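A short write-up of the structure that comes next.
No lab work stands behind these numbers, since they all come straight from the coordinates. What you are looking at is a predicted structure, and each value in this text was computed from that prediction instead of being measured. With ideal geometry, Cβ positions are generated from the backbone for all residues, glycine too; neighbour counts draw on all protein chains shown.
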Amino acid sequence: ADIDKQTDGMQKARAERDLRNAVLRLERLTATDMTQFAADREFLKALPTLPTEDMFLSSIADLPQIHLLKFKELQAQRMSELAKSNAVPNPTIGLGVRRLNDADRSAFLASISFPLPVFDRNQGKRQEAHALREQAEFDKRAGELLWTETAKNVYTGLEVAVQNVLSYRDKIIPSAQKAYDQATQGYEAGRFSFLQMLTAQRTLYEAQDDYLSNLLSLHESKAQADFLMGVHRDIVEKTVSLHEGESQ
């Protein structure tokens, strides 16, 4: 029992140290005082409100990664159009004045000529631009499919995490707590052995530990969902601007 207490004390001290370090890292990243935020831990037990799956999947269209792929596609399209336009030779226009000596008068002359594109010197650029355009279009489609698949996996993981937390909170832990209370009362009344009470206690502690693990998984899934939905984009932009100002 003494060894278990010492082990529990060491684990608690390690967890508190990790928490302090995490708070310090978060303060450095966000340039925000997290003392009060870290002290209030009840928010960790709050369950998030899930958006509809369609709403969640549509949010990936605003991801910076998707905007970048669209910009590259647009840039490749403009380069391809430019290469095509350069393949058409420009006309040559001439203007001048001619003196007619026999009639003692002047005449204005205008000329226009079109070179025959017998040899297309821009053919290589056109092929290169066309290939780059096809690659950019492929990258955009592949990127959208990849992020859509990622979003579906995150949403599914978030749904599962919420259900697991609810099961432990509302069913498994209350049942384990009831069994432990009955075992304790039965042990005190002499109906149960110490081993039976200890087994019920261990079952309760394991259920509580599993509950916390599932709660951690829930918050990790929620963080991934927030990233895809751009929930904290204003905080990220503020943080980046603050650190850029410090570096100048």
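Laid out as a table, the results:
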read-out: Modelled label reach - ALA15, point 7 Å along Cα→Cβ, the range 168-209 residues with backbone N closer than 16 Å; value: 202-209
read-out: Under 24 Å from the Cα of LYS125 - lysines, other chains or at least 8 residues apart; value: LYS70, LYS72, LYS84, LYS140
read-out: Computed lengthening from GLU134 to GLN75, 0.36 nm per intervening residue step minus Cα-Cα distance; value: 20.1 nm
read-out: Protection proxy ranking of 216-227, 45-56 - average other beta-carbon atoms within 10 Å, highest first; value: 216-227, 45-56
read-out: Cut-off under 5 Å, modelled amide H: who pairs with PHE192 long-range; value: TYR187
read-out: Using a Förster distance of 30 Å, the FRET efficiency for SER59-LEU166 (Cβ separation, nearest 0.05); value: 0.75
read-out: Extension gain (nm, one decimal) between GLU159 and ALA22, 0.36 nm per residue minus Cα-Cα; value: 46.7 nm
